[in-house]
Amino acid sequence: MPQFIVFIACMVFISLPLRAVEKVDNKPHVSEKVYIYVYHLKPPYIEQLELETGLYFELVQLFNNFQAEFQFVPQFVPRKRLNREIANSTLDSMILGVHPIWFKDKAQTKFLWTPPILHDQDEFISHVNNTFDYLGPVSLYNKNIGGVRGYHYFRVAPILKMGKAKLTPTGSELQLLEMLIKERLDLAVISRATLNYYFAIHPEWQSKIHYSKTPHEQYYRAILSPKSLEKPFNIIKKLMENEEFKSALNGLKLKYSFQEKPVVHK
């Protein structure tokens, strides 16, 4: 009996290293982190930055839900820093919610670009008591125009440079909309997606707003990627062809009141 016990103990001891090796070999796969920068600090794209709520954060989570090779991590980065990294050729992350023209890459040769993900448009809006319709640059003359501080409005900028109109800057789209509701501005420029977001919270505001028949700008949003991140970029691009992913993405768009086609005002 003692010899049998010693034999069993030896067999257990001999098998321990093998089990240890097997455990190491079967350890869970750790996904490689890839950061995705966002810089549009406004709803519905970013609702609360500290809590990481909003469409951008949910969209990045969708990328993670449908693949495990990479862990995509959203991170807010100011536009000025992005410009600096691009100028210094140090950009090592993707950028979500952008358009080739905004990054001087109309031919899409400097960076990798996904197909359009979201469609939006910047509206000229005014109060129903003092309506404004954009009919060309002259229609902006002598107007008090509201805009978010630091934003570039390409139709408005030349008029301001000539001194033909006044710009009243605000800190956010919400402040901009509130000033227009109080009739402290002749007109303002604000994105349709952001308007829809605030109208869902304050439905009584919607009846006080007039839309110009011609919007300020119509555009789509996509993902920019440096060419060094071709592999994770291709993962996202392939996901966008997946029917289940497209269905989930459409559900996300519906949640945040996005429309596939630009709005036409009549």
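Does region 32-120 come out rounded, prolate or oblate by the C-alpha gyration tensor, with a ≥ b ≥ c the root eigenvalues, rounded set by a/c under 1.5 and, if not, prolate when a/b is larger than b/c and oblate if not? Don't jump to the answer; show the numbers that get you there.
Numbers: a/c = 1.45, a/b = 1.30, b/c = 1.12.
In terms of gyration-tensor shape, rounded.
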Margin query: I need the peptides 82-95, 221-234, 112-125 ranked by packing, meaning the mean over residues of other C-beta atoms within 10 angstrom, with the highest value on top.
Written below: 112-125, 221-234, 82-95
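Which of the pairs Lys80/Lys253; Lys106/Lys213; Lys104/Lys238; Lys182/Lys208; Lys80/Lys255; Lys42/Lys246 have their Cα atoms more than 20 Å apart in this structure?
Too far apart for the 20 Å limit: Lys80/Lys253; Lys106/Lys213; Lys104/Lys238; Lys80/Lys255; Lys42/Lys246.
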Margin query: If I model a spin label at Ser139 and Phe154 as a point 7 Å from the Cα along the Cα→Cβ vector, what separation in nanometres do I get?
Written below: 1.8
Check: If R0 is 41 Å, what FRET efficiency do you get for Trp205 and Asn65 from their C-beta distance, rounded to 0.05?
Finding: 0.75
Margin query: Looking at the chain as a GNM with Cα springs under 10 Å, which of Ser191, Ser31, Ser126 has the largest mean-square fluctuation?
Written below: Ser31
Note to self: With +1 on the Cβ of every Lys and Arg and -1 on the Cβ of every Asp and Glu, and nothing else charged, how large is the dipole of the chain about its Cα centre, in debye rounded to the nearest 20?
What the structure shows: 900
Item checked: Per-pair calculated FRET efficiency, R0 = 45 Å: Lys166 and Asp92 via Cβ, rounded to 0.05 -> 0.60
Checklist line | In nm, spacing of pseudo-spin labels at Glu243 and Val73 (7 Å Cα→C-beta vector) | finding: 3.6
Checklist line | Listed candidates [x] 21.2; [y] 15.8; [z] 13.8 - label of the one calculated as mean projected area of the Cα convex hull in nm² | finding: [x]
Next item on the list: Excluding residues fewer than 8 places away in the same chain, name every one of the aspartates and glutamates whose C-alpha is closer than 19 Å to that of Lys227.
Entry: Glu32, Glu69, Glu85, Asp92, Asp105
Item checked: DSSP beta bridge pairing in the chain, given as percent antiparallel to the nearest 5 -> 55
Checklist line | Share of carbon and sulfur in the accessible heavy-atom surface of region 146-266 [1.4 Å probe, %] | finding: 51
Checklist line | Folded to 0 to 90 degrees: helix 243-255 orientation relative to the chain principal axis, Cα | finding: 40
Check: Per residue, how much accessible area does the chain show when a 1.4 Å probe rolls over the protein heavy atoms, in square angstrom?
Finding: 58
Next item on the list: Specify, per residue and in Å³, the volume enclosed by the convex hull of the alpha carbon atoms belonging to region 181-226.
Entry: 121
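The values are calculated or read from the model by the stated rules, or taken from the named source; none is laboratory data. Computed from a prediction, not measured in an experiment: that's the story for all the values here. No Cβ is skipped: glycine too gets one built from the backbone with ideal geometry, and neighbour counts run over all protein chains shown. To get the accessible areas, we keep the full protein, side chains included, count just its heavy atoms, and leave off ligands, DNA and RNA. Shrake-Rupley method; radii C 1.70, N 1.55, O 1.52, S 1.80 Å.
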